[in-house]
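Engineer: Structure incoming, see below.
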Amino acid sequence: MTPHERLVTRDGVMLPLGAKSFDTLIALMSRPNEVVSKWDLMGLVWPGMAVEESNLRFHIAALRKALGDGKDGARYITTLSGRGYCFVAPISQAGGQAEPRTASRVELPPVKLPNRLQRMVGRSDAIATVSDKLITSRFVTIVGPGGVGKTAAAVNLAYLASQSGLRTLLWDLDPQGAASWYLQAKEGEGGEKSLWKAGADLESAIQSTAYDKLNLVPADLHARHVDVWLRKDEGNGVLLEKLKTVSRRYDLAILDCPPSLSHLADNVFIAAELVLVPTVPTHLSLRALKTVIDYFAGLGYPRNTLKPFWSLADRRRLLHRMLIEQPPKLIKDVCKTVIPYASAIERMGEHRAPVEVFESYGYAAEAYRELWKEVNALLKKF
Ligand SMILES: Nc1ncnc2c1ncn2[C@@H]1O[C@H](COP(=O)(O)OP(=O)(O)OP(=O)(O)O)[C@@H](O)[C@H]1O
Ligand SMILES: [Mg+2]
């Protein structure tokens, strides 16, 4: 299986699998030797949609036929009556258990470089406060309340972007440093000096990572005080100004933000061409989204540059299903991709790596690949 190309081959011959049959296979292979209930499977294959069980049976049958399940004693998918389905064939990932270094070899389909930014971003009065050097890289920022999957998205999207050929910089703006930790940032580098002090340069804080074309600005403990500092400075363009000093070296910069923003928000919003907001399908999370949207609109930014996506979606929960199926007006423009609740994403902490590196065949990896495609397409539009 070559998950990112959505291809299954035997002896070099492509097996005829429809999209949903492929999704079913991915969902089952994500939990090898585990019984996956029909309910869970339907949630993974048709996130947020009510479907008849017969649809699932149809795709299981199609899969078995295509795989040759049962022929010459080969077993792939077993049915456990009344409980669900289980993928029972042995799985190994090409290249063995992924070491971070091997990750650069993961081949993802070539993604056309986004068009170079031809215009300045942000409000004109704010722009007047920053220099007029041409920006060459695209900036995406991820904001939202605590624990909604911002860092998980930032790390996975940055990884996928870099592997598609874009020179990518991930800036960990959260002093908690989760993104830096996932990417195995080298400790002790960067020194005592805060990135936020006048004259401090971003370039010297940048580290390489285990992955080709992916660089990191690790979390800066001094960032705890960034708000005080930014307030004193009263400039909203400080962050953009810093980014611009390195922008020629990167095609894409992704900013992973802490949950509370205040003064940092103004800086981040000016810098970003696209603001992603992971949103859990709950009313509380929608309320938080509304706060971000209102603040964003209050600053005069176009609404279409703020894009929510469903995160931590659990189809077993009625509320999640209802909100995803019939999104309220506030979130009508939500990304098509739903990031499901997935144990593989939790296991990023165990592997300290993006999901693609250690479980590229799983549905979590698939979801991030889809999200990256959407984000990349949006960036090309702006
Ligand atoms: N789709 C998911 N499925 C399962 N677990 C997830 C998912 N997304 C994130 N998590 C887990 O939830 C926790 C919070 O995720 P993450 O750190 O990405 O959120 P965050 O929005 O960056 O949080 P913070 O506001 O603290 O920075 C982590 O333990 C992570 O492993
Ligand atoms: Mg985070």
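Engineer: Checking the condition within 12 Å of ligand 1 (Cβ to nearest atom) and closer than 22 Å to HIS4 by Cα, which residue from ALA161, ALA178, ALA153 passes?
Structural biologist: After applying the criteria, what remains is ALA153.
Engineer: Identify, please: which residue in the range 283-324 is among the small types (Gly, Ala, Ser) and closer than 27 Å to ALA271 by Cα and is, among those, surrounded by the fewest Cβ atoms within 10 Å (Cβ to Cβ)?
Structural biologist: Within the range 283-324, the match that is surrounded by the fewest Cβ atoms within 10 Å (Cβ to Cβ) is GLY298.
Engineer: Shifting gears a bit: Against the condition within 12 Å of ligand 1 (Cβ to nearest atom) and under 14 Å from the mean Cα position of the chain (by Cα), how does PRO308 come out, does it pass?
Structural biologist: no
Engineer: Quick one: count up the residues across the range 325-382 that are closer than 24 Å to VAL45 by Cβ, in a helix (DSSP H, G or I) and within 12 Å of ligand 1 (Cβ to nearest atom).
Structural biologist: Residues that pass the stated criteria total 12.
Engineer: Being assigned by TED's automatic domain parsing to the domain that holds THR151, modelled with pLDDT of 85 or more, of a type outside the set (A, V, I, L, M, F, W, C) and more than 14 Å from ligand 1 (Cβ to nearest atom) narrows it down to one of THR279, THR245, so name that one.
Structural biologist: THR245
Engineer: Then there is this: Could you please find all residues in the range 59-96 being assigned to a loop (DSSP other than H, G, I, E, B) and more than 23 Å from GLU359 (Cβ to Cβ)?
Structural biologist: GLY68, GLY70, ALA74, SER81, GLY82, ARG83
Engineer: Something else now. Is there a residue in the range 151-163 that is of a type outside the set (A, V, I, L, M) and surrounded by fewer than 24 Cβ atoms within 10 Å (Cβ to Cβ)?
Structural biologist: Checked against the condition, which is being of a type outside the set (A, V, I, L, M) and surrounded by fewer than 24 Cβ atoms within 10 Å (Cβ to Cβ), the range 151-163 yields no hits at all.
Engineer: Quick one: is ASP314 over 30 Å from VAL8 (Cα atoms) and not aromatic (Phe, Trp, Tyr)?
Structural biologist: no
Engineer: Tell me, which residue of the range 38-96 that is among the hydroxyl-bearing types (Ser, Thr, Tyr) and touching a helix residue (DSSP H, G or I) at 6+ places or on another chain (Cβ under 8 Å) is surrounded by the most Cβ atoms within 10 Å (Cβ to Cβ)?
Structural biologist: TYR85
The values are calculated or read from the model by the stated rules, or taken from the named source; none is laboratory data. This structure is a prediction, so every number in the text was calculated from the model and none was measured. In this analysis, Cβ positions are derived from the backbone assuming ideal geometry, glycine residues included, and neighbour counts consider all displayed protein chains.
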